[in-house]
Amino acid sequence: MPELPEVETTCAGIRPAILNNQISSLVIRNYNFRWPIAPELPVLIQDMKVHEVYRRAKYIVLLLSQGSLILHLGMSGSLRVLDSNIPLKKHDHIDINFIDGTCLRLNDPRRFGAVIYTTEPIDQHKLFQHLGPEPLSQSFDAEYLTSYCRIKNQNIKSVIMNAQIVVGVGNIYANEALFLAGIHPETPAKSLTTKQASELCNQIKLVLITAIKQGGTTLKDFSSPDGKPGYFSQQLKVYGRKGLPCVNCQTLLQEVRIQNRSTVFCAACQRQQSENN
DNA sequence: AACGGCACCTGGTCGC
DNA sequence: TGCGACCAGGTGCCGT
């Protein structure tokens, strides 16, 4: 479910309810996430105040009075802000309760997500220290992307999905950005022209910004913390459209698997390059 | 060192 | 209708 725009939407949705709020209790109904949740976590964060709520890559970070709580939604996680007396749904595994009666409830059917407490500075945490720049930051630009393309023996899709190079570009938006930039996903990164890298960089930013404005992409059952769906799915041009006509040229869209992920493209609009730069 | 593939889970869909 | 096979938005880690 959640790629960067979904996490951003979630972050913005929960912030007003929990910023400067004080945690009264933590209820864990299932400890078995990607990494087992520390049994002492409720004691550790009880009575702490939330001083900041922000996103880094696809992680949501709650900066507390002491230390930070790191949340990751994995493939199927979602957070809702509600009253703590609202009945539980299936897979509601964790409640963070606040003194004003607010409850931040984590639902995650597949439990690929994570809940981690750390007292380290976030950037030094093991999960964060090798992360590349944010795609919407100025440090992610054509020159930067080109420099990585030159040294990687991989196709371009794998490069833009590599979190050490740039964070937050998941499968859906990788597919979309490559289509919008007119680049075949299997193009060797090394053969990208400067112009193509520049176009790709711009389209990655554009598609993410557009999706954030629309509240993310609703596939299956993603919804933001207030329960509203995202509307970006209506604008997907290639993802999930294998065999359907290209929105530009009507050529039937093809699918290949890259790193075992569904990769849909238009063979006419995204031609493999035969000549190098 | 760098890369490809696996693993972690549940649930939805598709074909028989 | 039922059952099994297969697929899904992420990503750290393992083996090669």
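Can you tell me the orientation of helix A:142-151 relative to chain A, as the angle in degrees between its alpha-carbon axis and the longest Cα principal axis, to the nearest 10? With both axes taken from Cα atoms, the answer is about 80 degrees.
Could you work out the relative contact order of chain A? I mean the mean sequence separation of Cα pairs under 8 Å and 6+ apart, divided by the number of residues, in percent. The partial results should precede the final answer.
Working: 568 pairs, mean separation 50.2, N = 277.
So the answer I get is 18 percent.
Listed peptides A:73-80, A:89-96, A:15-22 appear in the order A:73-80, A:89-96, A:15-22 once ranked by packing, highest mean of other Cβ atoms within 10 Å at the front. Of the residues A:Leu106, A:Ser76, A:Gln46, the one whose Cα sits farthest toward the positive end of the charge dipole of chain A, with +1 on the Cβ of Lys and Arg and -1 on the Cβ of Asp and Glu, is A:Ser76. Legend: distances between Cα atoms for A:Lys213/A:Lys237; A:Lys157/A:Lys213; A:Lys49/A:Lys205; A:Lys58/A:Lys213; A:Lys58/A:Lys126; pairs beyond 22 Å are A:Lys157/A:Lys213; A:Lys49/A:Lys205. A straight Cα-to-Cα reach below 14 Å connects A:Lys90 with the aspartates and glutamates A:Asp108, A:Asp221, residues fewer than 8 places away in its own chain not being considered. In this label model, A:Gln138 and A:Tyr54 are separated by 1.6 nm, measuring between points 7 Å along each Cα→Cβ vector.
Straight-line reach from A:Lys195: taking Cα to Cα under 15 Å and skipping same-chain neighbours fewer than 8 places apart, the aspartates and glutamates in range are A:Asp141, A:Glu143, A:Glu275.
Projected label points at A:His130 and A:Asp100, each 7 Å from Cα along the beta carbon direction, are separated by 4.0 nanometres.
With both labels modelled 7 Å from their Cα along Cα-to-Cβ, the A:Thr118 to A:Glu255 distance reads 3.6 nm.
Any chance you could check the Cα centroid distance between the range A:97-172 and the range A:1-62 for me, in angstrom? So the separation of the two Cα centres works out to 16 Å.
Within the shell of other residues whose beta carbon sits under 13 angstrom from the beta carbon of A:Ile23, the net charge comes to -2, with Lys and Arg scored +1 and Asp and Glu -1. Diffusion of the range A:103-154 by Stokes-Einstein, at 4 °C in a medium of 1.567 mPa s and with Rh set to the Kirkwood radius over alpha-carbon pairs, works out to 88 µm²/s. The relative contact order of the range A:142-265 comes to 23 percent, based on Cα pairs under 8 Å that sit 6 or more residues apart.
Highest mean packing first, where packing is the average number of other Cβ atoms within 10 Å per residue, the peptides A:205-215, A:142-152 line up as A:205-215, A:142-152.
Taken together, the values in this text are just the output of simple stated rules run on the coordinates, not laboratory data. Just so we're clear, the structure is a prediction, and the values are computed from it rather than from any experiment. In this analysis, Cβ positions are derived from the backbone assuming ideal geometry, glycine residues included, and neighbour counts consider all displayed protein chains.
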